[in-house]
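Here's the structure we're looking at; comments come further down.
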Amino acid sequence: MNNKEWLSLKGEELTKGKIPIDIYKDKETTFKEMAILMADTIKENNEKGKKTLFIVPLGPVGQYKYFVEIVNKERIPLKNVTFINMDEYMVDEDTLLSEEDTLSFKNTMYRLCYNQIDKDLLMDESQRIFPNPNNIDLIDKVIEEHGGVDICFGGIGITGHVAFNEPPHVGETIDIGAYKNLGTRVVKISEETRVVNSMDDYDGAYYLVPKYAITIGFKEILKAKKIRLYCFRNWHKSVVRRASFLDKSVFFPVSLLQDHPDTRIGISEEVAE
């Protein structure tokens, strides 16, 4: 299948790729479906007396308002729930972005999620984990003690990155097996990603977007029993088709999830057109 062929796939044709694709009415429905899955999984585990471990993103973020609403309305206790955030911006290779910065993922996660949940339902702060250069071993330990991750939630970036797992930079070589074994680490963000991310945060001022981030790796992502990715932007049309219909390649990392037994991509009808 050449580029023009896979780019022209629409509607039900998209459900026949190497990664299953679910089509929702619109962007908000996509967010709601994500929030419902989060809440239902927690309720099911709570009823069984089991703990819940999610990897969660700060892109997309639209699901959190619905998740908060469900948790508060249905009085769902999160005491046995742990969230590991996927990534965080860094000023340079050694310094995390300040939590006071509006671009800080931790700042945003507290503002949109944790600070909105009734305190008697909220999990302990130690169960709200954000990657930083000093807690890489902690993330591995939490996942190992839980026996994996219940669900890894996320989106897909313009370069095919999941979290900030970018394709190899010019001059770098790495095979698929080695890429899948990359763990939590500091990475340099691609120029393409910085430009796209600047569209939402800085009206296209890509030079204000940090050049570095710390991210969980595919080693952690692939320990999830389920992986659920959600796409709803116009440029996701190319991304989801490439993820599901082209061959696996480290140069479009999300394609490596074709090997995972339970990965699905949820998209809005706009992306399916």
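Quick note: the coordinates plus some simple rules give every number you see, no bench work behind them. Keep in mind the model is a prediction, meaning the values are calculated, not measured. Neighbour counts run over all protein chains shown; Cβ positions are idealised from the backbone, glycine included.
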*Amide H neighbours of Met123 under 5 Å, counting only residues 5+ apart in sequence or on other chains, H built in-plane at 1.01 Å?*
Leu78
*asked:* Report for the chain the percent antiparallel among DSSP-assigned beta bridges with both residues inside it, nearest 5.
replied: 30
*Could you calculate the contour length gain from Asn80 to Ile36, that is, 0.36 nm times the residue separation minus the distance between their Cα atoms, to one decimal place in nm?*
14.1 nm
_Neighbour-limited loop hits for GluC sites (Glu not before Pro), region 158-258 (at most 15 other Cβ within 10 Å; DSSP other than H, G, I, E, B)_ = Glu172
*For Ile21, residues with placed amide H under 5 Å, excluding near neighbours*: Ile265
*Exposure proxy check: Glu145, Glu28 ranked by fewest other beta carbons within 10 Å?*
Glu145, Glu28
*Taking only Cα atoms and a 10 Å spring cutoff, compute GNM fluctuations for the chain and point out the largest among Met199, Met90, Met38.*
Met199
_Listed residue (Ser238, Ile227, Gly157) projecting farthest to the positive dipole end of the chain, Cβ model_ = Ile227
*Interchain or long-range residues, amide H under 5 Å from Met86's placed H*: Val56, Leu58
_Listed candidates (1) -0.45; (2) -0.51; (3) -0.39 - label of the one calculated as log10 I(q)/I(0) by the Debye sum over Cα atoms at q = 0.09 Å⁻¹_ = (3)
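Does region 61-199 classify as rounded, prolate or oblate by the C-alpha gyration tensor (a ≥ b ≥ c root eigenvalues; a/c under 1.5 gives rounded; else a/b over b/c gives prolate, otherwise oblate)? Kindly include the intermediate steps, with their values, before the conclusion.
Values: a/c = 1.93, a/b = 1.54, b/c = 1.25.
Prolate, because a/c is 1.5 or more and a/b exceeds b/c.
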*Full extension from Asn72 to Lys225: what is 0.36 nm times the residue separation minus their Cα-Cα distance, to one decimal in nm?*
52.4 nm
*asked:* Under 10 Å, Cα contacts only: if you run a Gaussian network model on the chain, which one of Ile55, Ile174, Ile227 comes out with the highest mean-square fluctuation?
replied: Ile174
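With contacts defined as alpha carbon pairs under 8 Å and 6 or more residues apart, what's the relative contact order of the chain in percent?
27
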*How do Phe164, Phe252, Phe54 line up, fewest other C-beta atoms within 10 Å first?*
Phe252, Phe54, Phe164
*asked:* Residue by residue through region 65-74, what is 3J(HN,Hα) from phi via Karplus (6.51 cos²θ - 1.76 cosθ + 1.60, θ = phi - 60°)? Round to whole Hz and write x for glycine and proline.
replied: 4, 6, 4, 4, 4, 5, 4, 5, 5, 8
_Coil-residue chymotrypsin sites (Phe, Trp or Tyr not before Pro) of region 177-219, DSSP, other Cβ within 10 Å capped at 15_ = Tyr202
*log10 I(q)/I(0), Debye, Cα-only region 106-164, no solvent, q = 0.23 Å⁻¹?*
-1.23
*From phi via Karplus (6.51, -1.76, 1.60), per-residue ³J(HN,Hα) for region 184-193 in Hz, x at Gly/Pro*: 4, 6, 8, 10, 8, 7, 5, 5, 4, 5
*asked:* Could you work out the pair-distance distribution P(r) of region 5-127 from its alpha-carbon pairs, with 5 angstrom bin width and percents rounded to whole numbers?
replied: 2, 9, 16, 19, 17, 13, 11, 8, 4, 1, 0
